[in-house]
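Notes to accompany the following structure.
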Amino acid sequence: MRLQRPPAARRFGARSAAVLTTTALAVAAPFPSAVADTTAERPSSLVDPLIGSTNGGNTYPGATLPYGMIAWSPTSTTGDQTSTGAANGYEYNATRIRGLSLTHVNGAGCNPGAAGDIPIMPFVGDVTSSPSADTKDAVYAANFSHADEKATPGRYTLGLASGAKADLAVSKRAGVADFTFPSDHPASLLFRVSNSLNGSQDAHVDIDAAHHRVTGWVLTGAFCGRRANGGVNNRKSYYKLYFSASFDRAFSSTGTWKDSAVSPGSTSASGGEGYATGADRAGRGSGGWVGFDTSSDNDVHMRIGISYVSQKGAEANLRQEIPAHASVGQVAEAGARAWDRELDVVRVQGGSAARRQTFYTALYHALMQPNLISDTDGRYWGMDQAVHRVARGQRAQYSNFSGWDQYRAQIQLLALLKPTVAGDFAQSLYNFAQQNGGVWDRWVHISGATHVMTGDPSATTLATFYAMGVRNFDYQGAFDSLVHQATVPNPDGLSDAGCPGQCVGQRPNLAQYLSSHYAAQDVCHCWGGAAETLEDAVADSALGQWAKLLGRDTEAKVFSERGAYWRNVFDPGTGYIQARKLDGSWVTPFNPGSDLGFAQGTSATYTWMVPQDVQGLAAAMDGREAAAIRLDGFFHKADGSWSVRGGDALRYDPTNEPGIHAPWLYNALGQPWKTQATVRQILDTVYGTGPSGLPGNDDLGTMSAWYVFSALGIYPQTPGTAKLLLGAPVFPSAVIDRPGRKDLVITAPDADDMHIYVDSVRLDGRALQQSWTGAGPTVSGGRLDFRLTEQPNTQWATDPGTLPE
């Protein structure tokens, strides 16, 4: 999702680690040895959390665990306390921070993005004025150098120019920190309780000096709530984050503030910032500080737990997950082991050090989400703004669903690598829908329905989960609920509230859609009629596939037919997908480089967004050969040079989702060697190491998942199925470890920078003469052996009778 740029321009002390064995930080079993030259490598040591922290990637470098609730990371400032310089709170090139915030969402596109709750700032000096009144972050912020910054999975360390230093490590729902200060200056910790990235409705802080504790909460939400077009619709609160922080030493001073008023000695304060923009929000808010005498001991140890349910929940989460005397080092080591276990699900051999770093960082980013919102006792805050408890059989309630983005790659990777998490996530989304009047929202943040983007990605997501063998959710109930959403009009579907970008209707103007078989641009109450038609057709096709697997023949027939509605927005006269009016006429004037009728993309990109019927699309383009020539022009300039980095409205944009499957379409067009070359060009030039190593917003792991799949030489063919398209692996060997199931082994002994083409493939020992697989390898495992060459084999997998659909 790209909401910040116009489409045309985007383009754990003293105890031993043994005390941790009964907690979420349990010391792992001996790390399984990898193969060949990578034997000594721990996957976590290959991850660079700073990848994607500039160039619009919107990743964050702070401490978090797989699917963690807490994500403790810096909030940058560029001289405006209501702006961070990046959508997710951290921009690599903004080397000044106002705090270390407890929650983040990976790669979200809105600016400002999601969460960034409760920034905690180590401050050197006396607190003599209100930090909220420091609207330019001139006083209560600090510069830093990247030479004094270190980010590893589960741990983050930062030294500030003020002389203060923070060393953070986390469990799933809690964390520990060592803050060190210069011994000859006043030392404080500021709790900026109201200063979430999007602002806040209210916030509160309490300081208990007798028990060395600081507690509080923030009432907030408002994801994408500051967008100019439609953002007002989301300027609302839908969650409260509670925290409880305890210290190993007494406070030397306390104080609070509200707006411009500062109250030394005070121990309680309340007040939010609101959700306005700029000067209307600046200077507002509340918080508190605690001071320390560092003249003889300049280290302050803090333990903190968080919860979306209650302060007691935050305290219980901390108590259950981190032992009382755990050091930062012990928590960090346990966190690294947790990441090792997670990342070791894919073991690759060979390739350069840079290639392995890029791969494992992409896998790290892809497995950050979904995120826990339930406490250790199973309670969570629901979408109906009430407390619920996960039912028997569900391990946890998850949230943060960037559906329009994730259904294209991250969802498939989650289902392939972590099917149990996928099932709990599917149940979580169904729970939210039941709490939301039966409505499945397309972008769920914590316990909020934000309505962001377009289409019905919940249908696509759950259908894909089921097709890929995920069964640990109420799939019959979820299917019926999604069919209802797709067949029974909801009054919200006639509202323009939030449009464009956050239209409240999840199947906007459904009655008209079912009558016309396309979303009419002039009455659709959606972001763009052509895009809505394509998205709904993909979702309906996926529902049809799910219905077939369930033996629901009537629904299978209906939704399979609806999956072909894309044809109704394909104009044979121009050969492009276009927006239409209710009377059937095409919206004019038409320009394939325009985004009229589309969502964050142009007609030139969206015209390829028919993954469920590539053969039908090719036929509409006068055949596969003609379609392949057009696809060549999508990836190359007129002179034949590559155009895969974005910035051209008529060509491939790697920074956003509508076209990310397009490099794989050559397989269906009978020219799979072009998929191999195009994918390798993108892998080698668009992705890489360093802060700029992502092409754009990671969008909750979507762009990273694209890299993981592509580097393995496989890619999900169609949402709602378990089929895989085949490309050329970049590693000589990869093993996808699937506990309880047969592993999926991928070998390509000749893989290197020169061998980028497929000469032949064997599936479980049998020669494969097609550039795709059925559901077998995905659902049941198996072995894919690739023989690679330096020159394209233009004969392999080209038989028209064996092409993907």
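I need the calculated FRET efficiency for the pair GLU561 and ALA279, taking r as the beta carbon distance and R₀ as 56 Å, to the nearest 0.05.
0.55
Quick one: if you stick a label point 7 Å off each Cα along the C-beta vector at THR487 and THR128, how many nm between them?
In this crude label model, THR487 to THR128 measures out at 7.2 nm.
Using 0.36 nm per residue of separation minus the Cα-Cα distance, give me the extension gain between THR420 and ALA767 in nm, one decimal.
121.7 nm
Using alpha carbons only, how many angstrom separate the centre of the range 645-680 from the centre of the range 514-547?
Cα centres, the range 645-680 to the range 514-547: 23 Å.
How far is it, in nm, from the label point at ARG249 to the one at GLU805 when both lie 7 Å from their Cα along the line to the Cβ?
Here the modelled spin labels are 6.6 nm apart.
Restrict the search to the range 94-197; then list the chymotrypsin sites (Phe, Trp or Tyr not before Pro) that DSSP places in a loop and that have at most 13 other Cβ atoms within 10 Å of their Cβ.
Taking the range 94-197 and a limit of 13 other Cβ atoms within 10 Å, no loop chymotrypsin sites (Phe, Trp or Tyr not before Pro) are found.
For the range 185-200 and the range 39-97, what is the centre-to-centre distance using only Cα atoms, to the nearest Å?
Here the two parts' Cα centres lie 18 Å apart.
Which residues does a label at ASP632 reach in the range 597-620, if reach means a backbone N under 18 Å from a point 7 Å past the Cα toward the Cβ?
Under 18 Å, as judged by backbone N against the label point of ASP632, lie 618-619 of the range 597-620.
Compute the distance in nm between two label points, each set 7 Å from the Cα along the Cα-to-Cβ direction, one at THR554 and one at LYS150.
Output for this residue pair reads 6.5 nm.
List the aspartates and glutamates whose Cα sits under 12 Å from the Cα of LYS165, skipping any in the same chain fewer than 8 residues away.
ASP148, GLU149, ASP178, ASP299
Work from the charge dipole of the range 366-802 (Cβ charges, +1 for Lys and Arg, -1 for Asp and Glu, about the Cα centre) and give the residue of MET368, VAL686, TYR518 farthest towards its positive end.
Of the candidates, MET368 comes out farthest on the positive side.
Given all pairs of different Cα atoms, what value in angstroms does the Kirkwood hydrodynamic radius of the chain take?
Result for the chain, one decimal place: 26.7 Å.
Quick check on my link table: of LYS172/LYS240; LYS172/LYS742; LYS418/LYS723, which ones sit more than 25 Å apart, alpha carbon to alpha carbon?
Flagged as over cut-off: LYS172/LYS742.
Based only on Cα atoms, what Rg/Rh ratio does the range 445-583 have, Rh being taken as Kirkwood's radius?
0.98
Kindly put ARG766, ARG580 in sequence by how many other C-beta atoms sit within 10 Å of each C-beta, fewest to most.
Least crowded to most crowded, the residues run ARG766, ARG580.
Taking Cα pairs under 8 Å and at least six residues apart, what relative contact order does the range 632-778 come out at, in percent?
On the way: 211 pairs, mean separation 24.8, N = 147.
In percent, rounded to a whole number, it is 17.
Using 0.36 nm per residue, how much length does the chain from SER270 to ASP496 gain when fully extended, once their Cα-Cα distance is taken away?
Value of the extension gain: 77.8 nm.
In Å, what Kirkwood hydrodynamic radius results for the range 366-802 from the alpha-carbon pair distances?
Its Kirkwood hydrodynamic radius stands at 22.0 Å.
Quick one: length gained pulling ALA386 to THR95 fully straight, 0.36 nm per residue minus the C-alpha distance?
100.8 nm
Quick note: the coordinates plus some simple rules give every number you see, no bench work behind them. The model shown is predicted, which means the values in this text are computed figures rather than measured ones. A quick note on method: Cβ atoms are made from the backbone with ideal geometry, for glycine too, and the neighbour counts reach across all protein chains shown.
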